[in-house]
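Trainee: Take a look at this one; I'll ask things after.
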Amino acid sequence: MGHNHELRCCIEAPDDYAVKAQYALSMLLMPLGCTPKWVQRENLGKGGIYYGPSSAQVTPEAVRIPLRSGTIAFFQNRFIYPLSNTVWRIWENVRWPVLFGGPEEHNQDIIASAFFWLSGWQEYTVRNRDFHGRFPFEASLQSKLGIGGMPCVDAYREWLANRIEASGIKISRRTWKKQEWAFCPTHDIDYIKKWRPGMIYRETMQYLIGNRLKQTLPARINRFARFLKDVIIPGDVFKKALTRMAHETKKRGGKGTYFFKTDAHGPRDVYYPITHRFVRRTFNWLLANDFEIGLHPSYYAYNHLGYFQDEKKRLEAAASLPVTSVRQHYLRYDATTSKLHLLEGFKVDSTLAFADQEGFRRATCFPFRIFDITENKALPLWEMPLCVMDGTIFNYRGYSLEEAVEITVQLMQWCKRFGGVCVGLWHNMLWDELDFPGWGEHFIASIDYAVKEGAYIGTLKDSLSTYLDSDV
């Protein structure tokens, strides 16, 4: 049986909630190679899935998932999820939370639970935001339940797959160009060179003379000597890293996605000319080697249509091709952002991660369509969920190199276990041992692990197209 096998599905619920359930069930079934065919209960035949309040007179061969009235009521309001509703299920010696339904396994509502995570419902109901307007990990249900590194939706899918197969229906899982899982190395290019006037002022006036780092005099002198060496030796360290990242990926038979900025509108942006000779040369090499170029909008562009449109036009003009993948600077994202993405023709986003915690913000390591809660509809925009970022593990979390590699491998193991994709983000500060010691080694260790474990290593766009069996 090939992909896109139709599976009869019946959802009996009010229209508003039925849209949510159809989205969640479609996302659960997609990696299993199944497409729902929506039918009435009398047309379920000898198999399929029934989701509703009463399974009486539903064919016994169908997978039956109960829908409680309280679940419908919950999604009709803007309530914060009550922790007391959570039930836990042991699967493969790991405790997994189910958010809706009863404690008995046959009464657990994995469809409502999947919708809660995939739609970002908690981000819609919880108002907490950090200094940059981002939904912080500490405000999340994952934090409260202690499951930040667990892709719960993917466990739900496995339970559903087991029940489908037990009902006598064979499934055929999607693969990543015949590989069981994928690894997507991505890079946000916030700067193209390190030693700008402001950085030189920092090293001389703030670090050496002002002792901002509170170091001993010998330590300050040693740092200043290393700084001078970096400045004198030809080739800026950030430019070297930008080039080396691509070559290290290609050397291992993979490809990656590079997100470039085209403008600056505030102190959190550093401007660099997208028409700079070095950037144009980089574009030519990346495209000649089938890497992907995406947009990295400026700090304020996540909800500013004018900035967003102008920056996309500049990138497409410089790269001489349409750009369809995007990641927001500082991972800033709100209800407006997806509308801008859609309006400007983007097909793939990879922003939705916690800046302050590695793991799975939407509880999955699989691509999923963005759901617009305010409009109550799924959008033709795919999310490739960002799983791990260098700045998160080294700056926010303060891991040592050994700890960073260990936690990254754990996340990659989940992605391999479920057959999903691990999207990693490394900036072009790698191999800058003065300010970012160990970051380059972490990147090499991560991509080497992907090679060792047989991952398909590709760009966001190509990986998704491969997985969906259609061009994105």
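Trainee: Ratio of Rg to Rh for the chain, alpha carbon only, Kirkwood?
Mentor: 1.00
Trainee: Please list the non-local residues whose amide H lies under 5 Å from the amide H of residue 294, H modeled 1.01 Å from N, same-chain partners needing a gap of 5 or more.
Mentor: Those qualifying (amide H under 5 Å, at least 5 residues apart or on another chain) are 258, 259, 260.
Trainee: Next up: Over all alpha-carbon pairs in region 131-195, figure out the percentage whose distance exceeds 16 Å.
Mentor: That tail contains 74 percent of the Cα-Cα pairs.
Trainee: Please list 127-136, 92-101 highest first by mean number of surrounding beta-carbon atoms within 10 Å per residue.
Mentor: 92-101, 127-136
Trainee: Considering only DSSP beta bridges where both residues belong to region 295-389, give the percentage that are antiparallel (nearest 5).
Mentor: Roughly 45 percent of the DSSP beta bridges within region 295-389 come out antiparallel.
Trainee: Among 51, 119, 319, pick out the residue whose Cα is farthest towards the positive end of the charge dipole of the chain, where Lys and Arg carry +1 and Asp and Glu carry -1 on C-beta, about the Cα centre.
Mentor: In the chain, that residue is 319.
Trainee: Of the beta bridges DSSP finds with both residues in the chain, what % are antiparallel, to the nearest 5?
Mentor: For the chain, the DSSP antiparallel bridge percentage is about 25.
Trainee: Hey, got the dipole for region 74-189? About the Cα centre, +1 on K and R Cβ, -1 on D and E Cβ, debye to the nearest 20?
Mentor: 260
Trainee: Using a simple charge model, +1 on the beta-carbon of Lys and Arg, -1 on the beta-carbon of Asp and Glu, nothing else, what dipole does the chain show about its Cα centre, in debye to the nearest 20?
Mentor: Dipole size: approximately 880 debye.
Trainee: Tell me the net charge near residue 269. Cut-off is 9 Å between Cβ atoms, residue 269 excluded, with +1 for each Lys or Arg and -1 for each Asp or Glu.
Mentor: Charge balance near residue 269 sits at 0.
Trainee: Considering the Cα positions of region 5-166, please state its Rg to one decimal place and its Dmax as a whole number of Å.
Mentor: Looking at region 5-166, its Cα Rg and Dmax stand at 16.1, 54 Å.
Trainee: Sort 470, 350 by Cβ crowding within 10 Å, fewest neighbours at the top.
Mentor: Starting with the residue having the fewest Cβ neighbours, the order is 470, 350.
Trainee: Using a 10 Å cut-off around each Cβ, can you sort 165, 6 from fewest to most neighbouring Cβ atoms?
Mentor: Placing the least packed residue first, the sequence is 6, 165.
Trainee: Further, regarding this structure: Helix 152-166 versus the longest principal axis of the chain: what is the Cα-based angle in degrees, 0 to 90, to the nearest 10?
Mentor: 40
Trainee: If packing is taken as the average count of other Cβ atoms within 10 Å, what order do 171-183, 424-436, 396-408 fall into, highest mean first?
Mentor: Taking the mean over residues of other Cβ atoms within 10 Å, the ranking is 424-436, 171-183, 396-408.
Trainee: Got a sec? Charge dipole of the chain, +1 on Cβ for Lys and Arg, -1 for Asp and Glu; which of 341, 405, 200 is way out at the positive end?
Mentor: 200
Trainee: Where a Cα-Cα gap under 16 Å defines reach, which lysines qualify for residue 250, not counting those fewer than 8 residues away within the same chain?
Mentor: Here the lysines satisfying the reach criterion relative to residue 250 are 240, 452.
Trainee: Taking the Cα centre of each part, how many Å lie between region 410-444 and region 314-337?
Mentor: 22
Trainee: Mind checking the angle between helix 401-418 and the chain's longest principal axis? C-alpha axes, 0 to 90 degrees, to the nearest 10.
Mentor: Roughly 30 degrees between the two axes.
Trainee: Quick one: grab Rg to one decimal and Dmax as a whole number for region 196-235, Cα atoms only, in Å.
Mentor: Calculated on Cα positions, Rg and Dmax stand at 10.1, 30 Å.
Trainee: Which lysines, if any, have their Cα less than 18 Å from the Cα of residue 339, not counting same-chain residues under 8 positions apart?
Mentor: 312, 313, 347, 377
Trainee: Any idea how far apart residue 84 and residue 276 come out in nm if each label point goes 7 Å out from Cα toward Cβ?
Mentor: Placing both labels 7 Å along Cα→Cβ, they lie 5.7 nm apart.
Trainee: Residues with beta-carbon under 9 Å from that of residue 53, excluding residue 53: net charge, scoring Lys, Arg +1 and Asp, Glu -1?
Mentor: After counting each charged neighbour, the total is 0.
Trainee: What is the sum of charges around residue 339, taking Lys and Arg as +1, Asp and Glu as -1, for the other residues whose C-beta is under 13 Å from the C-beta of residue 339?
Mentor: Value of the local net charge: -4.
Trainee: 222 nm [θ] for the chain, helices only, -39500 (n - 2.57) per DSSP H run of 4+, per residue, to 500?
Mentor: The per-residue figure over the chain is -11000 deg cm²/dmol.
Trainee: Which of the listed residues, 328, 28, 387, is farthest toward the dipole's positive end in the chain, when Lys, Arg count +1 and Asp, Glu count -1 at the beta-carbon?
Mentor: 328
A short reminder: the numbers here are calculations on the coordinates, not readings from a lab. In this text the structure is predicted, and so the values were computed from the model without any measurement. Please note: Cβ atoms are built from the backbone with ideal geometry, for glycine as well, and neighbour counts cover all protein chains shown.
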